[in-house]
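Structure, as structure tokens:
What follows is calculated from the coordinates using simple rules that are stated; it is not laboratory data. These numbers come from a predicted model, not from an experiment. Backbone-built Cβ (ideal geometry, glycine too); neighbour counts: all protein chains shown.
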């Protein structure tokens, strides 16, 4: 098919739409073409790894997730629909989702460890007055957090209880890094007000 347009009665040729090489490779991978899979890995693994590393920061975890991403591509290449987007975008979306899932999984593990630590702390011999003070303070913090807008509470909870960095929170929530910084600053300011802390 010839691509072109007519301007003032003159036929002007146009370049054909760019071929989506990744989509072509995905089609071959869906048919279990190992050579196409190797080509895709060689072409995209550095970029995919870079995206995962930006989310996870930890290199060893990023390498594990990279393998998971390409395993998923091998298993589900047949579900890629070329009419719904570019092949590269599909691959990068899988990578981002896997990286975010790993962050959430790590956060759940951290939460479990914290709960276990709190249980151990609760069994440690602590004076009655100290126990009462800790419970009162814990309730004050929980009430103050509840008074915050949801987006501020989420950012602070992910940072201080989940151990996530601002970049990780940005990746988890889909909000820009600057927005996360603002939410945390405003949330801390309001938290101080709620708890009657002055500085």
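Here r is the Cβ-Cβ distance between residue 32 and residue 67 and R0 is 25 Å; the resulting FRET efficiency, rounded to 0.05, is 0.85.
With the convex hull drawn around the C-alpha atoms of segment 21-103, the volume per residue stands at 79 Å³. Straightening the chain between residue 193 and residue 167 buys 6.7 nm, computed as 0.36 nm per residue apart minus the Cα-Cα spacing.
I'd like the FRET efficiency for residue 139 and residue 177, computed as 1/(1 + (r/R0)^6) with the beta carbon distance as r and R0 of 35 Å, rounded to 0.05. For residue 139 and residue 177, the calculated efficiency is 0.60. Rounded to the nearest 0.05, what FRET efficiency is calculated for residue 150 and residue 83 with R0 set to 35 Å and r the Cβ-Cβ distance? Efficiency computed from Cβ-Cβ geometry: 0.45.
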